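**Q** Pasting a structure below so you can have a look.
The values are calculated or read from the model by the stated rules, or taken from the named source; none is laboratory data. Because the structure is a prediction, the values reported are computed rather than measured. Cβ placement follows ideal geometry from the backbone for every residue including glycine, while neighbour counts extend to all protein chains displayed. For accessibility, only protein heavy atoms count, side chains too; no ligands or nucleic acids. Shrake-Rupley method; radii C 1.70, N 1.55, O 1.52, S 1.80 Å.
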Amino acid sequence: MMRPILHYVDSRLVIQYARRYFTGYMHLPRSKDIPPITEAQAGALDTLHFLGEKYSLGLHFQKGDIQYINNLSLFHARDGFRDDELHT
């Protein structure tokens, strides 16, 4: 679906940023159905990425912790994890 990364839905700002859709990544190749990104667009993606890193907040979860966030209004990432119950 073509739309801006930042857009409004029902008067609410929605952010849908996933660089991998624009550039491809390992086992997720870039779609041939979207036009190539320009140098300015690549720079804008870099800006979002580096600002996200600069102002990131690390959360240190412990067993039993739950995190609930709105995927469409907050940038987020996750590190790898291990579910011990599945590995016993």
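**Q** Could you list, in sequence order, the residues of the range 1-54 that are modelled with pLDDT under 85, among the hydroxyl-bearing types (Ser, Thr, Tyr), open to solvent by 70 Å² or more (accessible area, probe 1.4 Å) and not in a strand (DSSP E or B)?
**A** The one that is modelled with pLDDT under 85, among the hydroxyl-bearing types (Ser, Thr, Tyr), open to solvent by 70 Å² or more (accessible area, probe 1.4 Å) and not in a strand (DSSP E or B): TYR21.
**Q** Give the range 22-47 a look and list any residue that's among the aromatic types (Phe, Trp, Tyr) and in contact (Cβ under 8 Å) with a residue 12 or more places away in the chain, or say none. Lay out the reasoning, then the answer.
**A** Taking the range 22-47 and keeping what is among the aromatic types (Phe, Trp, Tyr), we get 22, 25.
Answer for the range 22-47, where residues must be among the aromatic types (Phe, Trp, Tyr) and in contact (Cβ under 8 Å) with a residue 12 or more places away in the chain: just PHE22.
**Q** Could you tell me which residue of the range 59-88 is modelled with the lowest pLDDT, considering only residues that are among the aromatic types (Phe, Trp, Tyr) and open to solvent by 90 Å² or more (accessible area, probe 1.4 Å)? Talk me through it step by step, then tell me what you get.
**A** Quick first cut of the range 59-88, residues among the aromatic types (Phe, Trp, Tyr) only: 61, 68, 75, 81.
Filter again for open to solvent by 90 Å² or more (accessible area, probe 1.4 Å), leaving 61, 68, 81.
Working: PHE61: 82, TYR68: 83, PHE81: 68.
Among them, the one singled out is PHE81.
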